[in-house]
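Comments concern the structure below.
The values are calculated or read from the model by the stated rules, or taken from the named source; none is laboratory data. This is a predicted model, so every value here is computed, not measured. Ideal geometry is used to build each Cβ from the backbone, glycine not excepted, and the neighbour counts take in all protein chains shown. With ligands, DNA and RNA removed, areas are computed over all heavy atoms of the protein, side chains included. Shrake-Rupley method; radii C 1.70, N 1.55, O 1.52, S 1.80 Å.
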Amino acid sequence: MATVGPLARIARLGCSHICRNHRLIFNRNVQRRGIASCIDPSYGLTDEQKEFQKVAFDFAANEMAPHMAEWDQKEIFPVETMRKAAQLGFGGIYVQPDVGGSGLSRLDTSIIFEALSTGCVSTTAYISIHNMCAWMIDTFGNTEQREKFCPDLCSMEKFASYCLTEPGSGSDAASLLTSAQLKGDHYLLNGSKAFISGGGDTDVYVVMCRTGGKGPKGISCLVVEKGTPGLSFGKKEKKVGWNSQPTRAVIFEDCAVPVANRLGVEGQGFNIAMKGLNGGRINIASCSLGAAHASVQLARDHLLVRKQFGESLSNNQFLQFKLAEMATKLVASRLLVREAATALQENRADAVTLCSMAKLFATDECFNVCNQALQMHGGYGYLKDYAVQQFVRDIRVHQILEGTNEVMRMIISRNLLSES
C-alpha cells in the first residue's frame, strides 16, 4: 500500500522537518551563505508551496547532496533514498490521492523538482520520469489498472520506466517499430527500446508500441511488468552524466502482455506519450533550474573567497557582470517554466507551445549558467571534488531528452506559422 499523503501531509511535514537555510555544502573551505534575495525561489509562492519547497530543499541537502558524488562515481541507483522521498509524497506528486498520490499541481511539482535537484540532478531526473509514468497510468488507466499499479509506484516500492525511444526512432517518435500483435487475451510484443532510464532495475515499463498501421494513429500503450517472459535488457550504458540511474536497452521477444495492461484504447498511445512528455518537459526544465540555482550559489561563494592578483575575485567587474547574467538567466528561466506549468495545469491553448519554450530556454540557459560557474572556478571546477562539474555533466543531456531542443524549436515555429 502507498504511504504517501496529499498536500496536507507534505505541509505538516514541512512545519517540523525543514531546514530554513537552503544552503549546500559542496566546496571545501568555503563559508556557506544564504540565498541572495534576487534569486530566491520562494518568492511569489503561497505559504503551502513554501512549506513543501522547504521539505524538498531539506531532503536535498541532507539525504542527497552528501551522496551525490558517490552515486555518480560508483553508479549507484539510490533506491532507499528515493523511497524516503516517496514517504514525503514525492513518488506520485501529481497523481490523485485515492491511489496514493499527493494530488499536487504542475506548478507545485516544478517547485519540488527544482529544490530536489540542488541535491542531485540525476536522481531527481529519474524521480521525475517515474512520476510521469505514474501519472500516465493514473490518468489513462481504468480503475483496475490505477489500483493495481499506482499505490506501489507512489510509495516507490516499485519503480517505473518510460519506453518510447528506439534505436531507429528518436526525434521521429511516430515511426517506432516495436510491434504488438493481438493473440486472444494477450499481445505478443516484439522490438526494442533505447536509452531507457532505470531499464533493468525498474519494475514497470510504460511501452509505446505499434498495434496498427504506420504513423501516430497506429500506436498503443502497454504496461509491461518485470519478469514477464520475453522481456530482457541490454548492457548498462556508460554515460557522461546521469550516473545515479541505470540506462539500458529494453528488449521484447514474443513478450506476452495481457490486453488488460493496455492503457486506453488501441491507437491512443501516441497521444498518451505526448501528453506525458508535455509534463516531462516541465519536469526536466525544473531539474535544470535546480542545477543552475546551486551553481550560481557555488560560483558566488567561490568569487568571495578566491583571491588572485592580491584581491578577491568578487572585486573583478567582468566576473561581477558574468554573475549578474547568470542570475538573470536563472530567474528568467524559472519564470518561464512556472508559467508553462500553470498553463499545462489549466489546459490552456498555449500549454504545449509554452512547455516547449520552457524546456528549450531553461535547459539551454541553465546549462550555460552551470558551465560559466565551472569556468569561474578555474582548474578547481574541473575536479570531481567540486560539485559544479557534476551539475554541468548531469544537465547536458536535458537539451537532448524529452524531445531535443531542435524539436522544441519545430513545435514553437509550427505554432507561430500555423496561426499567422
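Once you charge only the Cβ atoms, +1 for Lys and Arg and -1 for Asp and Glu, what is the size of the charge dipole of the range 161-267 about its Cα centre, to the nearest 20 debye?
It comes to approximately 260 debye.
Along the Cα-to-C-beta direction of GLU225, a point sits 7 Å from the Cα; which residues of the range 237-257 have their amide N less than 19 Å from that point?
251-257
Expressed as a rounded percentage, what relative contact order does the range 323-381 have, with Cα pairs under 8 Å and six or more residues apart?
38 percent
Which links in LYS193/LYS235; LYS84/LYS359; LYS74/LYS193; LYS54/LYS74; LYS54/LYS359; LYS54/LYS84 stretch past 22 Å when you go from one Cα to the other?
Beyond 22 Å: LYS84/LYS359; LYS74/LYS193; LYS54/LYS74; LYS54/LYS359.
Hey, what did the range 270-418 get for relative contact order, percent, Cα under 8 Å, at least 6 apart?
So the answer I get is 32 percent.
How big is the charge dipole of the range 280-348 about its Cα centre, in debye rounded to the nearest 20, if each Lys and Arg gets +1 on its Cβ and each Asp and Glu gets -1 on its Cβ?
For this selection, approximately 80 debye.
Starting with the highest mean, order 196-208, 217-229 by the number of other Cβ atoms within 10 Å, averaged over the residues of each peptide.
Highest mean packing first, the order is 196-208, 217-229.
Order 238-246, 406-414 from most to least packed using the mean count of other Cβ atoms within 10 Å.
Most protected by this proxy first, the peptides run 238-246, 406-414.
Would you work out the charge dipole size for the chain about its Cα centre, treating the Cβ of every Lys and Arg as +1 and the Cβ of every Asp and Glu as -1, and quote it to the nearest 20 debye?
780 debye
Considering only GLY200, ALA134, GLN320, whose Cα is most displaced toward the positive end of the charge dipole of the chain, charges sitting on Cβ of Lys, Arg (+1) and Asp, Glu (-1)?
Ranked along the dipole, the leading option is GLN320.
Which one, ASN368, GLY241, SER356, is farthest towards the positive end of the dipole of the chain when Lys and Arg carry +1 and Asp and Glu -1 on their Cβ?
Toward the positive end, the furthest listed residue is ASN368.
What is the ratio of the Cα radius of gyration of the range 127-215 to 2.2 N^0.38 Å, where N is its residue count, to two decimals?
1.13
How far is helix 405-418 tilted, in degrees, relative to the longest principal axis of the Cα atoms in the chain, given as a value from 0 to 90 rounded to the nearest 10?
Taking the Cα atoms of the chain, the angle to 405-418 is about 70 degrees.
Can you tell me the 0 to 90 degree angle between the C-alpha axis of helix 269-305 and the longest principal axis of the chain, rounded to 10?
Relative to the chain, helix 269-305 is tipped by roughly 20 degrees.
Once you have all Cα-Cα distances for the chain, histogram them in 20 Å bins from zero and send the whole-percent values.
28, 57, 14, 1
Which percent of the accessible heavy-atom area of the chain goes to carbon and sulfur, probe 1.4 angstrom?
Taking all protein chains in place, the chain shows 53 percent carbon and sulfur surface.
Where does the chain land at 222 nm, in deg cm²/dmol rounded to the nearest 500, when only DSSP H runs of n ≥ 4 count, each adding -39500 (n - 2.57), divided by all residues?
-16000 deg cm²/dmol
At a threshold of 8 angstrom on Cα-Cα distance, excluding pairs fewer than six apart, so keeping six or more, what relative contact order does the chain reach in percent?
Across the chain, relative contact order equals 16 percent.
Quick check on packing: order 98-105, 256-263 by the mean number of other C-beta atoms within 10 Å, highest mean leading.
Top of the packing list down: 98-105, 256-263.
Taking a probe of 1.4 Å, how large is the accessible area per residue of the chain, in Å²?
Roughly 41 Å² per residue, with all protein chains present.
With the dipole of the chain worked out from charges on the C-beta (+1 for Lys and Arg, -1 for Asp and Glu) around the Cα centre, which of CYS255, GLY170, LEU222 lies farthest toward the positive end?
Result: GLY170.
Given the options ARG248, ARG306, ARG334, state which has the largest fluctuation in a GNM of the chain using a 10 Å cut-off (strictly under) for Cα springs.
In the Gaussian network model the winner is ARG306.
May I ask for the angle, rounded to the nearest 10°, between helix 121-140 and the longest principal axis of the chain, with both axes built from Cα atoms and the value confined to 0 to 90°?
So the helix axis and the longest Cα principal axis differ by about 40 degrees.
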